[in-house]
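Read the structure below first, then the notes.
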Amino acid sequence: MRSGYTVAIIGGGASGVALAARIVEHLPAGLSTANLTIALFDARGCDGGNAYAPDAPSNLMNTTCGAIDRVFGGSFGILHWAEENPAKWRPYVERADLEAGAYIPRPVVGLYLSDLLDHARRQAADRGFCLDLIVDEVVDVSPPGDPNADYLVHSLSSGHCKARYVYLAVGHLERCRTEDYQHHARYRHNPYPIAGLVEEIPKRASVGVIGTRLTAIDVALGLAAAGHSGSIHCVSRRGRLPAVRADRGKYRFKELEREDLRRRLLRETRSKLRLSDIAAMLGREIEHAEGRHLSLGEIVHDDRSPIDYYEREIALAAGKARPWQAVLYATNRNIDLLWHHLHEDDRQLLMSEWLNDWLTYRASIPRENAERVLAMMKSGQLTVQGGARKFEYDSEAGSFRIQLASGGPLQVEYLVSATGFANRIEQADSRLMKNLLSRGLVVPHRYGGVDCVFETGQVRPRAGAAAGESRIFALGPLTSGVYFFTTALEIIARQAAQRTHDLAFMLGVEWLDQPETEAWVDDFQAGRAGDAEGPGLRHGEGPDLLGHLLSSDQTEFIDFKQLRLLNDQIRDEDFETAIDRDPSAP
């Protein structure tokens, strides 16, 4: 690595790659970033992370290629990538082209992410940055001894490296095993990769699946696609299958667009929203989208059997939009704001009473997968049941016993957990998280993940854990407690954009603190009389947070009010260009 500031990104899944690519493409290049190195750590070498790693083609995305392309990857979108690299994705997809409306296997997204990182590395070299991929597991981070020192990022094989800023993009973390049955050889604590699961389980064996949502669908369809002929039993407390996504449908809010909502929340005299407020806002949006009033009973159907439920869902989703569903998906654009401003009592109510309903109807599956699930249920190979209470291994019978609220116990030869990953970092089977918690560099958020500043993602440490202000930031699933819903690629892309925006400003502050900065500002101002660009701007070499940005279209990356306060030698006239472009500037 080169000398100078290093930005360490821990995790090479969607969040880590999105951040690295965004920094490379959008961080203004100039004096404050001249010696910048981005070090991306991933134990598996950025193969897509837990969500998009190489796996069975039956694991479909629940959003379309076009939706991914609109929000993720910047100038290197997935549709352009697919057009240029058909040989990479065609083994997974039975079609000639990847169209905007296609639901693609998640491993295809992993292939795209790997190439997006390669693209970012080439682009970094062109822009004067260095993006290093370090294939190693980060196990600890040591805090700086004084506010001006760097963190030490410790990895298993590479020793340690210094980092000025650290970004935690570790994705989903596996839960610790806490029950006796979870240590049995025929139990799978993490079903992914599904391709590995189908190799381990005999095709005629009976299989129990703990969970009935997206991961359980992956398990059932993955086993069936590999020729499994034994019975499969998906069980959960409520036995709720995910809704079925309509073939098309996109919605722009009438009153809940992000900036409109932000201004409204700032204007309101009450400091917190109530659930009834949000329900009323969403109700009005759904009515506007549907063109009529839609009752909750027309969406929720708890009284139907799993087969009846999916027959109805598939019929409603076939060949037409479901406007209410488009409204729920559109909340990607503002759900963090709604959660942040929600009253604490209602947060508790939402998490305890309504979270399952939200996930059932918000995290829907493509119709083609729902049709496969329905066929398996009708054939009798797949059952979906609620009332799951207890799981244990019966050594006498040589099988797992699943206790249900009604009827006798269910006996299965293999048991697979499909309940997702650890929401609480205290329960995560992660050496890194355990060490960060022990050092006090992170603290748990009461609703999951790490506690961090809403506006910036800056991780809140335990008091006295490190000298100076924290320079550790988080994004992706690790921030679920602060932002509520964090797994959609659109949301990950927005977080990456915000972190890049803030990094540009922080690097600018670092640059402004250097002793040579005052001399540069004097030289710049003296040169303006004879040269409109100033001496430091020739050939695009000006500092990114003063001259270079003022002469480019990248002014959105800095807070001009704060920048002006940092150096009173910068004249108001120097910001005229920025003021014209940014109405929020002073």
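The values are calculated or read from the model by the stated rules, or taken from the named source; none is laboratory data. Every value quoted in this text rests on a predicted model; they were computed, and no experiment measured them. Neighbour counts are summed over all protein chains in view; Cβ atoms, including those assigned to glycine, are modelled from backbone coordinates with ideal geometry. Surface areas here come from the heavy atoms of the whole protein model, side chains and all, with no ligands, DNA or RNA. Shrake-Rupley method; radii C 1.70, N 1.55, O 1.52, S 1.80 Å.
Identify, please: which residue in segment 299-327 is open to solvent by 30 Å² or more (accessible area, probe 1.4 Å) and assigned to a helix (DSSP H, G or I) and is, among those, nearest to R237 (Cα to Cα)? So, considering only residues that are open to solvent by 30 Å² or more (accessible area, probe 1.4 Å) and assigned to a helix (DSSP H, G or I), the one nearest to R237 (Cα to Cα) is P306. Being within 23 Å of P193 (Cα to Cα), touching a Pro at 6+ places or on another chain (Cβ under 7 Å) and open to solvent by 20 Å² or more (accessible area, probe 1.4 Å), is that true of even one residue in segment 77-91? For segment 77-91, residues within 23 Å of P193 (Cα to Cα), touching a Pro at 6+ places or on another chain (Cβ under 7 Å) and open to solvent by 20 Å² or more (accessible area, probe 1.4 Å): absent. Note on segment 384-407: among residues that are of a type outside the set (D, E, K, R), open to solvent by less than 50 Å² (accessible area, probe 1.4 Å) and in a strand (DSSP E or B), the one that is farthest from I217 (Cα to Cα) is S399.
Just for segment 148-165: of the residues that are farther than 20 Å from M433 by Cβ and part of a strand (DSSP E or B), which one is least open to solvent (accessible area, probe 1.4 Å)? It comes out as G159. The requirement of being touching a residue at least 60 places away in the same chain (Cβ under 8 Å), part of a loop (DSSP other than H, G, I, E, B), open to solvent by 50 Å² or more (accessible area, probe 1.4 Å) and under 27 Å from I23 (Cα atoms) is not satisfied by E455.
Only one of the listed residues (L168, L117, L98) is surrounded by 18 or more Cβ atoms within 10 Å (Cβ to Cβ), more than 22 Å from N435 (Cβ to Cβ) and touching a strand residue (DSSP E or B) at 6+ places or on another chain (Cβ under 9 Å). That residue is L117.
Within segment 408-416, is there a residue that is open to solvent by 20 Å² or more (accessible area, probe 1.4 Å), more than 31 Å from the chain's Cα centre (by Cα) and without any contact (Cβ under 8 Å) to a residue 24 or more places away in the chain? Within segment 408-416, one or more residues are open to solvent by 20 Å² or more (accessible area, probe 1.4 Å), more than 31 Å from the chain's Cα centre (by Cα) and without any contact (Cβ under 8 Å) to a residue 24 or more places away in the chain. Which of the numbered conditions does R460 fail, given that it passes all the others? Conditions: (1) open to solvent by 70 Å² or more (accessible area, probe 1.4 Å); (2) touching a Pro at 6+ places or on another chain (Cβ under 9 Å); (3) basic (K, R); (4) without any contact (Cβ under 8 Å) to a residue 40 or more places away in the chain. Unmet for R460, out of (1) open to solvent by 70 Å² or more (accessible area, probe 1.4 Å); (2) touching a Pro at 6+ places or on another chain (Cβ under 9 Å); (3) basic (K, R); (4) without any contact (Cβ under 8 Å) to a residue 40 or more places away in the chain: (2). Residues in segment 444-463 that are farther than 20 Å from H172 by Cβ and of a type in the set (A, V, I, L, M, F, W, C): V453, F454, A463. Give me the residue from segment 253-286 that is modelled with pLDDT of 90 or more and open to solvent by 60 Å² or more (accessible area, probe 1.4 Å) and, out of that set, nearest to A326 (Cα to Cα). Of everything passing the filter in segment 253-286, R284 is nearest to A326 (Cα to Cα).
The set of residues from segment 240-269 being among the hydroxyl-bearing types (S, T, Y) and either touching a residue at least 60 places away in the same chain (Cβ under 8 Å) or within 18 Å of E290 (Cβ to Cβ) (or both) comprises just one member, Y251.
Annotation: of all residues in segment 417-440 being touching a Phe, Trp or Tyr at 6+ places or on another chain (Cβ under 9 Å) and either in a strand (DSSP E or B) or open to solvent by less than 40 Å² (accessible area, probe 1.4 Å) (or both), the one that is farthest from R213 (Cα to Cα) is A428. Can you tell me which residues in segment 105-120 are in contact (Cβ under 8 Å) with a residue 40 or more places away in the chain and out of contact with any helix residue (DSSP H, G or I) (no Cβ under 6 Å at 6 or more places or on another chain)? Within segment 105-120, P105, P107, S114, H119 meet the criteria. Taken across segment 187-199, residues that are closer than 30 Å to A397 by Cα, in a strand (DSSP E or B) and either acidic (D, E) or open to solvent by less than 20 Å² (accessible area, probe 1.4 Å) (or both) do occur, with at least one present.
Among the residues of segment 22-32, count how many are open to solvent by 10 Å² or more (accessible area, probe 1.4 Å) and not polar (S, T, N, Q). Adding up the residues that qualify gives 6. Remark: pairs (first residue in segment 223-235, touching a residue at least 24 places away in the same chain (Cβ under 8 Å) and in a loop (DSSP other than H, G, I, E, B); second residue open to solvent by 40 Å² or more (accessible area, probe 1.4 Å) and of a type in the set (A, V, I, L, M); Cβ separation under 7 Å; 6+ apart in sequence or on different chains) are absent. Filtering segment 33-52 to residues that are more than 15 Å from the chain's Cα centre (by Cα) and open to solvent by 20 Å² or more (accessible area, probe 1.4 Å) leaves A34, N35, D42, A43, R44, G45, D47.
Confirm whether L337 is under 30 Å from K272 (Cβ atoms), open to solvent by 20 Å² or more (accessible area, probe 1.4 Å) and part of a helix (DSSP H, G or I). Answer is no for this residue.
The residues on offer are G145, G171, and the sole one that is assigned to a loop (DSSP other than H, G, I, E, B), under 19 Å from C452 (Cα atoms) and in contact (Cβ under 8 Å) with a residue 24 or more places away in the chain is G171. The condition (being under 30 Å from D180 (Cβ atoms) and without any contact (Cβ under 8 Å) to a residue 24 or more places away in the chain) is satisfied by just one residue among E396, E353: E396. Is there a residue being of a type in the set (D, E) and closer than 21 Å to N50 by Cβ anywhere in segment 237-252? No, segment 237-252 contains no residue that is of a type in the set (D, E) and closer than 21 Å to N50 by Cβ.
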